[in-house]
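Take a look at the structure set out below.
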Amino acid sequence: MTKDVEVAEHHGGGGGAEYSAKDYHDPPPAPLFDADELTKWSFYRALIAEFVATLLFLYVTVLTVIGYKSQTDPTLNTDQCGGVGILGIAWAFGGMIFILVYCTAGISGGHINPAVTFGLFLARKVSLIRALGYMIAQCLGAICGVGLVKAFQSSYYNRYGGGANELADGYNKGTGLGAEIIGTFVLVYTVFSATDPKRSARDSHVPVLAPLPIGFAVFMVHLATIPITGTGINPARSFGAAVIYNKDKAWDDQWIFWVGPFIGAFAAAVYHQFVLRAAAIKALGSFRSNA
């Protein structure tokens, strides 16, 4: 398959190069502040989609965590090798992200995570108004999702920790923060890579569904960090569980699950946009050509 990707045409004396005939198009940067969005139904539809998706995400995943703990509770003489295990919990989180990103990508972009929204905002993929709206909708959805779990299974919910993220015994806060930073970097980096229009054009002969690598990134990060922090990498997930569970330990460690993911998202946005996509070099070249 022949593809015209960034064909360079060299011209005599200047020795410069002009790039043309690209078979992909980068969308224009989103405006920093777009008040017109507040008048559009598509904006509110996207907020509803983010709210419902995060609600469903927390409902299924927190139920999975509580179910596993109840199935392996040593005080109930249960089978300690029973339940879904850490592998099953990781599959629940990764699988739900795959499903929900697939369902909502065409409506809201399928963020379902304030850290993802923050990273895409830094890359000028969404406006400030949309980013703030998404984060609020995600946090409210997470609270409602965990609230449904508690409403349906109150005794199990309180007995088995409510699915709240806490730093595990034996790990210091620096280790937990590092786990959240690197884990979120993996996730947001994958989001950028899976939705990159240049990659999609170059690899069009390889039919890869974008939600699939994103879901697998969540799955793999959970395998690595469940023993450390229970795996946050999503401030809405951690916040919603802490609000409903409302115990001191969950609130004491809450800052880790906001600072870590936002630092990781920032690093991923900078790495993808300015290193891999060379945005700084392109901007400098455009400035010189217009000078």
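The values are calculated or read from the model by the stated rules, or taken from the named source; none is laboratory data. Every value quoted in this text rests on a predicted model; they were computed, and no experiment measured them. Reconstructed Cβ throughout: ideal geometry from the backbone, glycine too, with neighbour counts over all protein chains shown.
Here are some notes:
- Taking the listed residues TYR68, TYR44, TYR134, TYR59, the one that is surrounded by fewer than 23 Cβ atoms within 10 Å (Cβ to Cβ), at pLDDT 95 or above and touching a helix residue (DSSP H, G or I) at 6+ places or on another chain (Cβ under 7 Å) is TYR59, with no other qualifying.
- Of all residues in the stretch 11-32 being exposed (fewer than 10 other Cβ atoms within 10 Å of the Cβ) and at pLDDT 60 or above, the one that is farthest from ILE107 (Cα to Cα): HIS25
- Pairs, first closer than 21 Å to SER108 by Cβ and of a type in the set (Val, Ile, Thr) in the stretch 138-156, second surrounded by fewer than 21 Cβ atoms within 10 Å (Cβ to Cβ) and modelled with pLDDT of 95 or more, C-beta under 6 Å, six or more apart: ILE143/VAL243
- Filtered residues of the stretch 255-269 (kept if without any contact (Cβ under 8 Å) to a residue 24 or more places away in the chain and more than 12 Å from PRO114 (Cα to Cα)): TRP255
- Yes/no for THR54 being part of a helix (DSSP H, G or I) and within 21 Å of TYR134 (Cβ to Cβ): yes
- Residue satisfying all of: in the stretch 86-115; in a loop (DSSP other than H, G, I, E, B) and closer than 30 Å to LYS69 by Cα; farthest from the chain's Cα centre (by Cα) among these: GLY110
- Among the conditions (1) in contact with a Phe, Trp or Tyr (Cβ under 6 Å, 6 or more places away or on another chain); (2) crowded, with 16+ Cβ neighbours inside 10 Å, LEU128 misses just one, which is (2).
Residues checked against (1) closer than 13 Å to SER127 by Cβ; (2) free of Cβ contacts under 8 Å to residues at least 12 places away in the same chain; (3) hydroxyl-bearing (Ser, Thr, Tyr):
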{"position": "PHE33", "(1), (2), (3)": "yes, no, no"}
{"position": "LEU38", "(1), (2), (3)": "yes, no, no"}
{"position": "ALA46", "(1), (2), (3)": "yes, no, no"}
{"position": "PHE51", "(1), (2), (3)": "no, no, no"}
{"position": "LEU56", "(1), (2), (3)": "no, no, no"}
{"position": "THR61", "(1), (2), (3)": "no, no, yes"}
{"position": "THR64", "(1), (2), (3)": "no, no, yes"}
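- The stretch 220-250, residues that are among the aromatic types (Phe, Trp, Tyr) and either outside any helix (DSSP H, G or I) or under 18 Å from PRO114 (Cα atoms) (or both): PHE239
- Selection from the stretch 163-180 of residues that are in contact (Cβ under 8 Å) with a residue 12 or more places away in the chain, over 18 Å from HIS111 (Cα atoms) and either part of a helix (DSSP H, G or I) or not polar (S, T, N, Q) (or both): GLY163, ALA164, GLU166, LEU167, ALA168, TYR171, LYS173, THR175, GLY176, LEU177, GLY178, ALA179
- Filtered by the rule that a residue be surrounded by 18 or more Cβ atoms within 10 Å (Cβ to Cβ) and of a type in the set (Gly, Ala, Ser), the stretch 137-164 gives ALA137, GLY141, ALA142, GLY145, GLY161, GLY162, GLY163, ALA164.
- Qualifying residue in the stretch 116-124 (condition: assigned to a loop (DSSP other than H, G, I, E, B), surrounded by 15 or more Cβ atoms within 10 Å (Cβ to Cβ) and touching a residue at least 40 places away in the same chain (Cβ under 8 Å)): yes
- Total residues in the stretch 24-51, condition within 21 Å of the chain's Cα centre (by Cα) and in a helix (DSSP H, G or I): 9
- Note on the stretch 244-261: among residues that are buried (at least 20 other Cβ atoms within 10 Å of the Cβ) and not acidic (Asp, Glu), the one that is nearest to the chain's Cα centre (by Cα) is PRO261.
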